[in-house]
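Chemist: To start, I am sharing the structure in question, which I have written as structure tokens.
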Amino acid sequence: MSTTQAPGSTASQAVLSASHLVKRFGAVTAIDDVTLDIFQNEVLGIVGDNGAGKSTFLSLLSGYHHPDAGEFYYRGQPVRITSPARSRRQLGIEMVYQDLAMSPDLTVWQNLFLGEERRRWRLLLDRSGMRAQARETLQRMHTTIGPDDLVSDLSGGQRQLVAVARGLLFDRDIILLDEPTASISVAKSDEVLDTIRDLHAHGKTIILISHRIEDVLAVCTRIAVFVTGRLAHVVDNDGLTVEDLIHLMFGNGVPPDREAT
Ligand SMILES: Nc1ncnc2c1ncn2[C@@H]1O[C@H](COP(=O)(O)OP(=O)(O)OP(=O)(O)O)[C@@H](O)[C@H]1O
Ligand SMILES: [Mg+2]
């Protein structure tokens, strides 16, 4: 598909490009020759059936898994994404996983800084500084979550917001969200969607995987459709309907005038 070719001519505008990525798990090809540019300050939706490769694609961007073939380009320069730490610290990518990895017995602020604790005099934990910064970030997101709340007391939606707060706290550029509204009520998911809109308004680049087509249509500027490990379509969210998207996911193609350019 001409719309997805990277790096080449569009690479300079792309914040991140995936080029001919392949990821296999044994006999399964989870990601099959995927080439896709991700542009600064877009909200890119990723949709597709169960097992289509959506989570695997993001796990390659986050450094959690490594591709068997293919390359990444960061602002046009070739990069290797060798670990989550490298993805976070060098490329500014924060991943919010489908099965959230949090420590329920710790407080919100402790979870926010987990693995990236601030220290005073290189030794002592700067507890008050971390708490204060956590509070400020949570307030910025207009949530009622407090820094001292225990994660075990939070709802699924609130945990998602804490994970997003981590991206804000460390000022990551690119935030990857894997099914953030899957296990929460429609009413509660509005808070997550508002946060995505807010991040977008603050110049962040967001990639959102969701089975909730309405959510994807509500917040995404562009939508990528994965079918059995392949990138089948990329379309601008410009008057798309739920039916259009379902047709792209399960039907035989897209009306030619809908393809993104
Ligand atoms: N760690 C793994 N080990 C083995 N196979 C895996 C692993 N992760 C994913 N797969 C396989 O790779 C394929 C793509 O899985 P993936 O989780 O990326 O799909 P998905 O689109 O995120 O699905 P879902 O919508 O159910 O979350 C599936 O066939 C899955 O079983
Ligand atoms: Mg998944």
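Read-outs throughout are calculated quantities, based only on the coordinates presented, and are distinct from any laboratory measurement. Keep in mind that what you see is a predicted model, and the values were worked out from it rather than measured. We place every Cβ from the backbone using ideal geometry, glycine too, and count neighbours over all the protein chains shown.
Chemist: Hey, rough spin-label estimate for HIS142 and ASP198, points 7 angstrom out along Cα→Cβ, what's it come to in nanometres?
Modeler: Result: 0.7 nm between the two label points.
Chemist: Another question, then. Could you give the dipole magnitude of region 2-258 about its Cα centre, charging the beta-carbon of Lys and Arg +1 and that of Asp and Glu -1, in debye to the nearest 20?
Modeler: Value, rounded to 20: 1100 debye.
Chemist: Could I ask something else about it? What is the local net charge at HIS211, summed over the other residues whose Cβ is closer than 14 Å to its Cβ (Lys, Arg +1; Asp, Glu -1)?
Modeler: -3
Chemist: Let me ask something else. What longest region of the chain stays clear of GluC sites (Glu not before Pro) that DSSP places outside H, G, I, E and B and that have at most 16 other Cβ atoms within 10 Å?
Modeler: Here the longest segment lacking exposed loop sites spans 118-261.
Chemist: Give the lysines whose C-alpha is closer than 19 Å to that of LYS204, dropping any in the same chain fewer than 8 places away, or say none.
Modeler: none
Chemist: Which order results if VAL22, VAL96, VAL15 are arranged by neighbouring Cβ count within 10 Å, fewest first?
Modeler: In increasing order of surrounding Cβ atoms, one gets VAL22, VAL15, VAL96.
Chemist: Rounded to the nearest 0.05, what FRET efficiency do VAL186 and ARG122 have when you use their Cβ-Cβ distance and R0 = 41 Å?
Modeler: 0.30
Chemist: GNM on the chain, C-alpha springs below 10 Å: top fluctuator among SER59, SER83, SER17?
Modeler: Highest fluctuation of the listed residues: SER83.
Chemist: When a/c is below 1.5 the answer is rounded, else prolate if a/b is larger than b/c, else oblate, so apply that to the chain with a ≥ b ≥ c taken from the square roots of the Cα gyration tensor eigenvalues. Could you put the intermediate results ahead of the total?
Modeler: Values: a/c = 1.93, a/b = 1.49, b/c = 1.30.
Because a/c hits 1.5 or more and a/b exceeds b/c, the chain counts as prolate.
Chemist: Looking at the square roots a ≥ b ≥ c of the eigenvalues of the Cα gyration tensor of region 49-197, which shape do they give, rounded for a/c under 1.5, prolate if a/b is larger than b/c, or oblate?
Modeler: It comes out oblate by the Cα gyration axes.
Chemist: Quick one: net charge of THR82's neighbours, Cβ under 15 Å, K/R +1, D/E -1? It would help to have the intermediate numbers written out before the result.
Modeler: Working: positive: LYS23, ARG80, ARG86, ARG88, ARG89; negative: ASP68, GLU71.
Residues near THR82 contribute +3 overall.
Chemist: I need to check one value: relative contact order of region 2-258, counting alpha carbon pairs closer than 8 Å and at least 6 residues apart, in percent.
Modeler: Dividing the mean separation by the residue count of region 2-258 yields 24 percent.
Chemist: Which is farthest toward the positive dipole end of region 72-193 among VAL96, PRO147, PHE72, measuring Cα position about the Cα centre, with Cβ charges +1 (Lys, Arg) and -1 (Asp, Glu)?
Modeler: Of the listed residues, the answer is PHE72.
Chemist: Straight distance only, please: which lysines reach the Cα of LYS23 with their own Cα at less than 19 Å, same-chain residues fewer than 8 apart left out?
Modeler: Within the straight-line limit of under 19 Å, LYS23 reaches these lysines: LYS54.
Chemist: Additional query: Ordered by packing density, taken as the mean number of other Cβ atoms within 10 Å over each peptide's residues, highest first, how do 139-145, 30-36, 45-51 rank?
Modeler: In descending order of packing, they fall as 30-36, 45-51, 139-145.
Chemist: Sticking with this one: Using DSSP to call loops (not H, G, I, E or B), can you name the trypsin sites (Lys or Arg not before Pro) in region 44-101 whose Cβ has at most 15 other Cβ atoms within 10 angstrom?
Modeler: For trypsin sites (Lys or Arg not before Pro) across region 44-101 that sit outside H, G, I, E and B with at most 15 neighbouring Cβ atoms in 10 Å, the list reads ARG75, ARG80.
Chemist: A further question on this structure: Quick one: work out the % antiparallel among DSSP beta bridges in the chain, nearest 5.
Modeler: 60 percent
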